[in-house]
Each structure stands twice: as C-alpha cells, then as structure tokens.
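The values are calculated or read from the model by the stated rules, or taken from the named source; none is laboratory data. If you're wondering where the values come from, they're calculated on a predicted model, not measured in any experiment. We place every Cβ from the backbone using ideal geometry, glycine too, and count neighbours over all the protein chains shown. The accessibility values were calculated without ligands, DNA or RNA, using every heavy atom of the protein model including side chains. Shrake-Rupley method; radii C 1.70, N 1.55, O 1.52, S 1.80 Å.
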Amino acid sequence: QVQLVESGGGLVQPGGSLKLSCVASGRTFNNLATAWFRQPPGQEREFVAAISWGGGATHYGDSMTGQFTISRDLENTVYLQIDNLNAEDPAVYYCAAKYGSIGGDLREWNYWGQGTQVTVSS
C-alpha cells in the first residue's frame, strides 16, 4: 500500500499563489508516478497534472498549462505550484499515485490522498 498526504491548501486572494505538497509513504517508490486532481464544489473530479517517477515526464490536463506546475524532489514528495488563482480554482485538490506510466484518466490511479482545500476569496 501507498499512503499519500496532501498539505498546503488554504485561503488565497485572487491573483495569489499556493504550493501544494504530497508526501508518499509505504511501499517502494520505484516507478511510482504521481498526479494531482481537483474537484470543485458540485463538479466531477478533473485531472490537473502528473509526473513520472524520475520527474523526466510531465503531463497536464486541458487548460491546465501555464497556471499549474508539477514537480518532485528526489525522495517522496510531489508539489503543485498554482499561480494566478481565480474564481475557477476553488476545489479540493487530491494527490494520486500509480505504478507505471502517467495519464489523465482518474480510473488508472490506484492510491489517493484525503485532499486539501483551496479557497479563493478577497
């Protein structure tokens, strides 16, 4: 099993930035890809970005490039930088993981964190 814990969410003013973190623990992390999804209130969960185990490959959801940047350290933490937060961005942001290649279909991701809330308000 892989356990994922997100942090870094909170209340941000429009135009502000946040950096979310996802820390993995449990099984071996070799070949473990990680992704971020988000679920706005009353909407379906949508793909934001994913990164391969080594960090050499990234993939972003439609309309997610430019505002979101996914990265990882050399151990077990993956980050999501969110810039220029606006009214479309409030959501619970989830970290997900899987062994193997990255992709945007949430059905492919086996391990999920509990999520961290991002709120945008002036």
Qualifying residue in region 94-106 (condition: open to solvent by less than 70 Å² (accessible area, probe 1.4 Å), charged (D, E, K, R) and farther than 21 Å from SER25 by Cα): yes
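GLU75 - would you say it is modelled with pLDDT under 95, surrounded by fewer than 14 Cβ atoms within 10 Å (Cβ to Cβ) and among the acidic types (Asp, Glu)?
yes
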Members of region 42-64 found to be within 13 Å of the chain's Cα centre (by Cα), more than 16 Å from VAL118 (Cα to Cα) and open to solvent by 40 Å² or more (accessible area, probe 1.4 Å), listed by number: THR58, HIS59, TYR60
Yes/no for ARG27 being basic (Lys, Arg), at pLDDT 95 or above, on the phi < 0 side of the Ramachandran plot and in contact with a strand residue (DSSP E or B) (Cβ under 9 Å, 6 or more places away or on another chain): no
Residues that are among the basic types (Lys, Arg) and more than 12 Å from PRO90 (Cα to Cα), drawn from region 1-47: LYS19, ARG27, ARG45
Meets criteria (open to solvent by 20 Å² or more (accessible area, probe 1.4 Å) and within 17 Å of the chain's Cα centre (by Cα)) for LEU18: yes
Elements of type strands (runs of 3 or more DSSP E) contained in region 3-114, each with 1 or more residues being in contact (Cβ under 8 Å) with a residue 60 or more places away in the chain and among the hydroxyl-bearing types (Ser, Thr, Tyr): 32-39, 77-82, 91-99
